[in-house]
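The structure under discussion appears below in the form of structure tokens.
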Amino acid sequence: MTDTKTLYAAYAGTIENALEALVAEGTLPDGTSFANVTLEPPRDASHGDLATNAAMVLAKPAKTNPRALAEALAAKLEAHDGIASADIAGPGFINLRLDPAAWLGELEAINRLGDEYGRSTMGEGRTVNVEYVSANPTGPMHMGHCRGAVVGDALASLLELAGHTVIREYYINDAGGQVDTLARSAHLRYREALGEDIGEIPEGYYPGDYLIPIGEALAKELGDKHQNEPEEEWLPYFRAEAVEKMMDLIKSDLALLGIHHDVFASEAALHAAGKPDEAEAWLRAHDLVYDGVLEAPKGKAPPEDWEPVELPLFRSTKFGDDQDRPIKKSNGKWTYFGADLAYHIQKAENADELIDIWGADHAGTVKRIKAAVAALSEGKGTPTPFDVKLVQMVQLMRGGEPVKMSKRSGNFITIADMVDEVGKDVVRFTMLTRKPEAQMEFDFAKVVEASKDNPVWYVQYAHARIQSTLRKALEEEGVSPSAANLDQLGAEEITLIQRAAQFPREVEAAAKAREPHRIAFYLYDLATDLNAFYSLGNTAVEKRFIVKQDKGLSGARLFLADSIGQVLRNGLRVLGVEAVDRM
């Protein structure tokens, strides 16, 4: 079996072994938890290669001061073969300097593990349901969906790399009034396809051209069977057909971004299966739903026609919400919250953890849904961790000016429009160049610039540059990557290896924080370090990757370049972006 332990994991194990030795000696008490001990690069690279807070966080249970514990721990660590020195800084931080051989060993690990470098067992196979996109099936995918779609898909890939089993889910909101409007709009286009003059699209209908081919397909399939029928006759059929065809369009649009879901859950099917009724019965049995009167709207006088009405209310205040929430309307129909609550019960049946990716305009519902999942956890007996990631909208620009709308959609820019103009990779990477909760602009002119200021170009360029160097070395000098002379690599090369070696811990940290954008940031830093090393060869030929008359050094540097390329590929794979070989 291939050894998958990487440098940070190995030295974290070294620290843990040293701490266990201190427990055995009585310096630390039995049962001391090492859960809060960290190992990371020091903020100032001149302080060393690695830093640990072990003495700081364990001094209190040891009933000693951090400095004294740091001295005892440093003595243990300095006895380790790969550690050149263990220096105590400030009140008790320990900075470690490693032998160069340790970093060279990590370089070989990158090469040995290949596509598996960075893979972690942190998730322990726990199943995480990531629900993202979940747009109403009433139109093609547009920019309002794009950022959340990319964030959710990249997060799913990140969690898989970190050792989780992931369910990618799309919730189809196909039970509301908007679906009836879709059916009526499709029927209008169906009549148009049969040759009828439909005139102007009525107010309230969906006007986009995307419904024209759906109407044509229905006309070809059905003939004029439903052209002049009363609405109650054709509406159920057109509702089902329009949703199915819109979902085919949505899936096709998402595929342009390389996005494919495992599960498509239907709200209509949820209702048909009686899931909301089951949820209400369960919640009532656990005194989490009661019949009560909803409070009048706060902060303003209630409408003149407002009357107190008894409704089934979920005790969301018990779980931190600011008021209890109705699960049904006064007409007996389910509120969106009531249906959503039942949907989350359904998801929790097959997952250890739930993550929803929502637009920032849904921020007001986060607290109540979290309250609902917390309530449901009581019934399972074990908590179901639940997180909601809010994603801000994207402002589309072209050379600093707002972009005009799309004819295809009627009133928005579609994902298909974007991918057609700049490509999948540009769209995906750009959406991950800022934290999802931060506002961002997508400027069609800037995202295709060939400059360091364009992260997607810069990272792909770094990978293409490596591949070009490897081809040139083989074709012109007959030299291939080789680990035979890695001891010829010096301080500049070690610095580059140190950045590459952070990838596994970046994966774990990003997965733990549920923040895939961290991988995009890391790849940009790695590309920056690589290109900085390349620049050394502009003034000193002996610093180039290919050094004429020194095949040993050239082979070692090419081995380094090839390994950096591997890390770039592994990171880009998480983001769903291609690592191009030529630009």
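The values are calculated or read from the model by the stated rules, or taken from the named source; none is laboratory data. Every value quoted in this text rests on a predicted model; they were computed, and no experiment measured them. When we count neighbours, we look across all protein chains shown, and the Cβ atoms used for this are built from the backbone with ideal geometry, even at glycine.
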Considering segment 252-289, residues that are in a loop (DSSP other than H, G, I, E, B), in contact with a strand residue (DSSP E or B) (Cβ under 7 Å, 6 or more places away or on another chain) and modelled with pLDDT of 95 or more, and then whichever is surrounded by the most Cβ atoms within 10 Å (Cβ to Cβ), we arrive at His261
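From the set of residues in segment 472-483 that are aliphatic (A, V, I, L, M) and buried (at least 17 other Cβ atoms within 10 Å of the Cβ), which is nearest to Arg544 (Cα to Cα)? Please lay out each step first, then the result.
Of segment 472-483, the ones aliphatic (A, V, I, L, M) are 473-474, 479, 483.
Those still in the list that are buried (at least 17 other Cβ atoms within 10 Å of the Cβ) too: 473, 479.
Details: Ala473: 11, Val479: 14 Å.
Filtering first and then ranking leaves Ala473.
Here's the yes/no breakdown for (1) over 27 Å from the mean Cα position of the chain (by Cα); (2) surrounded by fewer than 17 Cβ atoms within 10 Å (Cβ to Cβ); (3) outside any loop (DSSP other than H, G, I, E, B):
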site: Arg505; (1), (2), (3): no, no, yes
site: Ala520; (1), (2), (3): no, no, yes
site: Ser535; (1), (2), (3): yes, yes, yes
site: Thr539; (1), (2), (3): yes, yes, no
site: Ala556; (1), (2), (3): yes, no, yes
site: Ala561; (1), (2), (3): yes, no, yes
Among the residues of segment 451-484, the number that are acidic (Asp, Glu), farther than 30 Å from Gly555 by Cβ and not in a loop (DSSP other than H, G, I, E, B) is 0
Of the residues in segment 451-471, those that are of a type in the set (Lys, Arg) and surrounded by 17 or more Cβ atoms within 10 Å (Cβ to Cβ) come to Arg465
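From the list Glu278, Glu244, which residue is of a type in the set (Asp, Glu) and within 21 Å of Gly208 (Cβ to Cβ)?
Values: Glu278 fails: within 21 Å of Gly208 (Cβ to Cβ).
Answer to the check: Glu244.
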Filter segment 125-151 for residues that are small (Gly, Ala, Ser) and not in a loop (DSSP other than H, G, I, E, B); the one that is modelled with the lowest pLDDT is Gly144
Here the residues within segment 168-198 that are within 26 Å of Leu270 (Cα to Cα) and part of a loop (DSSP other than H, G, I, E, B) are Asn173, Asp174, Ala175, Gly176
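For every residue, the table says whether it meets (1) farther than 26 Å from Glu267 by Cβ; (2) loosely packed, with under 12 Cβ neighbours inside 10 Å.
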{"position": "Pro202", "(1), (2)": "no, yes"}
{"position": "Pro207", "(1), (2)": "no, no"}
{"position": "Glu221", "(1), (2)": "no, yes"}
{"position": "Asn228", "(1), (2)": "yes, yes"}
{"position": "Ala242", "(1), (2)": "no, no"}
Turns out the strands (runs of 3 or more DSSP E) fully within segment 24-106 with at least 3 residues that are crowded, with 18+ Cβ neighbours inside 10 Å are 50-52, 93-98
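Any idea which residue in segment 39-80 is modelled with the highest pLDDT, counting only those that are hydroxyl-bearing (Ser, Thr, Tyr) and closer than 25 Å to Leu496 by Cα?
To start, the set of residues in segment 39-80 that are hydroxyl-bearing (Ser, Thr, Tyr) comprises 46, 52, 64.
Narrowing the set further to residues that are closer than 25 Å to Leu496 by Cα leaves 46, 52.
Numbers: Ser46: 90, Thr52: 97.
So the residue we want is Thr52.
For segment 420-450, which residues satisfy the criterion of being part of a helix (DSSP H, G or I) and crowded, with 21+ Cβ neighbours inside 10 Å?
Residues satisfying the conditions are Asp425, Val426, Val427, Arg428, Phe429, Thr430, Met431, Val447.
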Counting only residues in segment 1-14 that are surrounded by 16 or more Cβ atoms within 10 Å (Cβ to Cβ), within 31 Å of the chain's Cα centre (by Cα) and β-branched (Val, Ile, Thr), the one farthest from Leu69 (Cα to Cα) is identified as Thr4
The number of residues in segment 322-372 that are buried (at least 18 other Cβ atoms within 10 Å of the Cβ) and assigned to a loop (DSSP other than H, G, I, E, B) is 4
